[in-house]
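Notes follow the structure.
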Amino acid sequence: MDYLEYFGLKEQPFSNVVDNRFYYKNPQHDEALIKLKYAIDTKKGLAVVVGEIGAGKTTLARKLLEELDESGYEAVLLVIIHSSVSSEWLLKKFAIQLGIAVENVDKLELLGLLYRKLLEINESNRTAVLLMDEVQMLKSTEIMEEFRGLLNMEMPGGKMLNLVFFGLGNLEDVLSLDQPLRQRVAMKLTLKPFSGEDTKDYIMHRLKLAGSSDNIFTDGAIKEIFRYSSGTPRLINTICDNALLEGFLFKTREIDESVIKAVAIDLGLNNQ
């Protein structure tokens, strides 16, 4: 028996793997989605979403991608996993996602192919969108200049390509590597941590989706989770997952504040 069976759960409720089935609908994310869709639909060009580690930026990016249906959008999500990528690598990655063959194509030819593809998308009454996560890793003036070049491609109705950047707070410094690009930011959103009430709703939401019909966490436990996590979704998941395992090991059916405090010590969060 594992903790899932012990607590009557069908699957892990607090995995940090992004899964849109567990998307927590809340006013902050709803507002962000509405604003980002507006920026895309009106072809503003560049929108930016910033937030601290674990604030839910990737979750929001994937939710936005899901809502950009293929009938009206040609949408691509790229996740930057290291800082040494080149502008040519990024352009090729984007082109491949759009279905463009890039073998034996130099950079100038690649830009021409991208232009023709974006023109084709727009002429078919669809909107081209590039969502990019972890953009703060791209500390390259050349890459920022390349993004500005893409934004310079326009049609009478607006930009041929819409960019949405997701990143940490220092993303502003990266954009500042090319001031003309920074001035093209049409919308900037900041994701804030959950409130205490949101934290409780979030925990209950994920437990319900995982098959729980019980209040496994006491109100006192939830208050401690909020205190140790500061309302950061990723930390909430980590604390709750460890607390469920702790509860299973000690054969308690209810997770109270003492369990959360023990988990916080194990995770090195006890100084908060």
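The values are calculated or read from the model by the stated rules, or taken from the named source; none is laboratory data. As the structure is a prediction and not an experimental result, all values here were calculated from the model. Cβ: placed from backbone, ideal geometry, glycine included. Neighbour counts: every protein chain shown. Surface areas here come from the heavy atoms of the whole protein model, side chains and all, with no ligands, DNA or RNA. Shrake-Rupley method; radii C 1.70, N 1.55, O 1.52, S 1.80 Å.
Quick look at the numbers
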read-out: Relative contact order (%) - criterion: Cα under 8 Å, at least six apart; region: region 147-231; value: 24
read-out: Accessible carbon and sulfur surface of the chain relative to its total accessible area, %, 1.4 Å; value: 49
read-out: Taking region 83-219 and dividing mean pair separation by its residue count, relative contact order in percent (alpha carbons under 8 Å, at least six apart); value: 21
read-out: Residues of the chain: accessible area per residue with a 1.4 Å probe, Å²; value: 49
read-out: Under 21 Å from the Cα of K117 - lysines, other chains or at least 8 residues apart; value: K43, K44, K92, K93, K107, K159
read-out: Label-point separation in nm, D214 to D30, each point 7 Å along Cα→Cβ; value: 3.2
read-out: Per-peptide average of other Cβ atoms within 10 Å, ordering 145-152, 239-246 highest first; value: 239-246, 145-152
read-out: Long-range amide H partners of T232 with built H, under 5 Å; value: F194
read-out: Extension gain (nm, one decimal) between L177 and D2, 0.36 nm per residue minus Cα-Cα; value: 58.0 nm
read-out: Per-peptide average of other Cβ atoms within 10 Å, ordering 196-203, 181-188 highest first; value: 196-203, 181-188
read-out: Karplus 3J(HN,Hα) series, Hz, for region 4-16 with 6.51 cos²θ - 1.76 cosθ + 1.60 (x for Gly, Pro); value: 5, 5, 4, 9, x, 9, 8, 7, 5, x, 10, 5, 8
read-out: Stretch gain in nm, segment E145-L245, where the contour uses 0.36 nm per residue and the Cα spacing is subtracted; value: 31.1 nm
read-out: Length-normalised contact order of the chain in % [C-alpha pairs under 8 Å, at least 6 apart]; value: 28
read-out: Gained length - S83 relative to T190, 0.36 nm times residue gap less alpha-carbon distance; value: 36.2 nm
